[in-house]
Amino acid sequence: MKVELKELQAQVGTTFVYITHDQSEAMVMSDHVAVMNRGGFEQIDTPQNLYYQPASSFVAQFVGDNNKFIGSLEKSENGGFMVVLDDGRRLEISDTDAADTGERVELFTRPEAMIINPEPDADINIIDVEVKSILFDGGNSRLLVNAGRSVGEIIVALPQNNLYDNIKPGDRIKVGWHITGS
């Protein structure tokens, strides 16, 4: 029905206002989406900007799946910034969105931005995890992994390309993501 409604709107050539609680419908059918929280607008933007550039923690957690890391913002050795987790792990970030050094911040990464067993690279954050379970759902399959006490569970997209068919619960693997665009 999403496709049919989008085609009808194109044929009619007029603005549609469509109210739904179905995120998939909103993202697929809309040129702009309004995300509301407690009766107010958190962000009105294109579906792509809502997903890749959320304006608030609420929008980041509301739109799509994500993994959240909480820590303190610090300067890194290379002049950039990093989030220092409570267990001391350091995660490089691309920008600070005007947060102050020492401030507690939230860092979000999407499951599909996660890389399984990435090659070491200066532009990739890499952490050791233990596979808790495999959530098989065809093209939407995921790994549920445990990253330790200060992070907890992380969801990692599991590509169905046969490269990871050997992964099983209990395995220790590495996951990572690019510092920019996560």
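Just so it is clear, none of the values below were taken in a lab; they were calculated from the coordinates. The structure displayed is predicted, hence computed values, not measured ones. Backbone-built Cβ (ideal geometry, glycine too); neighbour counts: all protein chains shown.
Would you kindly derive the ³J(HN,Hα) couplings of segment 154-171 from the backbone phi angles with the Karplus curve 6.51 cos²θ - 1.76 cosθ + 1.60 (θ = phi - 60°), listing them in order in whole Hz, with x for Gly and Pro?
Result, rounded to whole Hz: 10, 9, 10, 4, 10, x, 9, 10, 6, 6, 10, 5, 7, 6, 9, x, x, 5.
Top mean-square fluctuation among PHE108, PHE62, PHE41, Gaussian network model of the chain, C-alpha springs under 10 Å?
The residue that fluctuates most here is PHE41.
Given a 10 angstrom Cα cut-off, can you work out which residue in THR14, THR46, THR101 is the most mobile in a GNM of the chain?
Highest fluctuation of the listed residues: THR14.
Could you calculate the FRET efficiency of ASP137 with THR101 from 1/(1 + (r/R0)^6), where r is the beta carbon distance between them and R0 is 41 Å, rounded to 0.05?
Working: r = 41 Å, r/R0 = 1.00.
Efficiency, rounded to the nearest 0.05: 0.50.
Rounded to the nearest 10 degrees, what's the angle between the helix 2-12 long axis and the longest principal axis of the chain, both from Cα atoms, 0 to 90?
40 degrees
How far apart, in nm, are the 7 Å Cα→Cβ label points at PHE108 and PHE16?
2.6 nm
I want the local charge near VAL12. Using Cβ-Cβ distances under 15 Å, sum +1 for each Lys or Arg and -1 for each Asp or Glu among the other residues.
That sum, taken over residues with Cβ under 15 Å, equals -2.
What residue among GLY13, GLY71, GLY40 shows peak mean-square fluctuation when the chain is described by a Gaussian network model with Cα springs under 10 Å?
Maximum fluctuation in the GNM of the chain, among the listed residues, is at GLY13.
Please list the radius of gyration and Dmax for segment 39-113, considering alpha-carbon atoms only, with Å as the unit.
13.3, 43
Sorted from largest down, give the three principal axis spans of the alpha carbons of segment 77-182, whole angstrom values.
For segment 77-182, the Cα spread along each principal axis is 42, 25, 22 Å.
How many lysine pairs does the chain hold where the Cα atoms are under 22 Å apart and the two sit 8 or more places apart or on different chains?
Values: LYS68/LYS132; LYS68/LYS174; LYS132/LYS168; LYS132/LYS174.
So the count works out to 4.
Under the rule of at least 5 residues apart or a separate chain, name every residue whose amide H is placed under 5 Å from the amide H of LEU158.
Excluding prolines and chain starts, which carry no amide H, the hits are SER141, ARG142, LEU143.
Tell me, what is the percent relative contact order of the chain, built from C-alpha pairs under 8 Å that lie six or more residues apart? Could the numbers behind the result be given before it?
Values: 305 pairs, mean separation 29.7, N = 182.
Across the chain, relative contact order equals 16 percent.
For segment 71-88, just list the computed ³J(HN,Hα) in residue order, Karplus coefficients 6.51, -1.76 and 1.60, θ = phi - 60°, integers in Hz, with x standing in for Gly and Pro.
Going residue by residue, I get x, 9, 7, 9, 6, 9, 4, 8, x, x, 10, 8, 9, 9, 6, 4, 8, x Hz, with x marking Gly and Pro.
May I ask you to derive the FRET efficiency for GLU153 and LYS6 from their Cβ-Cβ distance with R0 = 35 Å, giving the value to the nearest 0.05?
Details: r = 35 Å, r/R0 = 1.01.
With R0 = 35 Å, the Cβ-Cβ based efficiency is 0.50.
In nanometres, what is the gap between the two model label sites at SER72 and ILE44, each 7 Å from Cα along Cα-to-Cβ?
Placing both labels 7 Å beyond Cα along the Cβ direction yields 4.0 nm.
Roughly how many nanometres apart are two label points built 7 Å out from the Cα toward the Cβ at ASP65 and TYR52?
About 2.1 nm, to one decimal.
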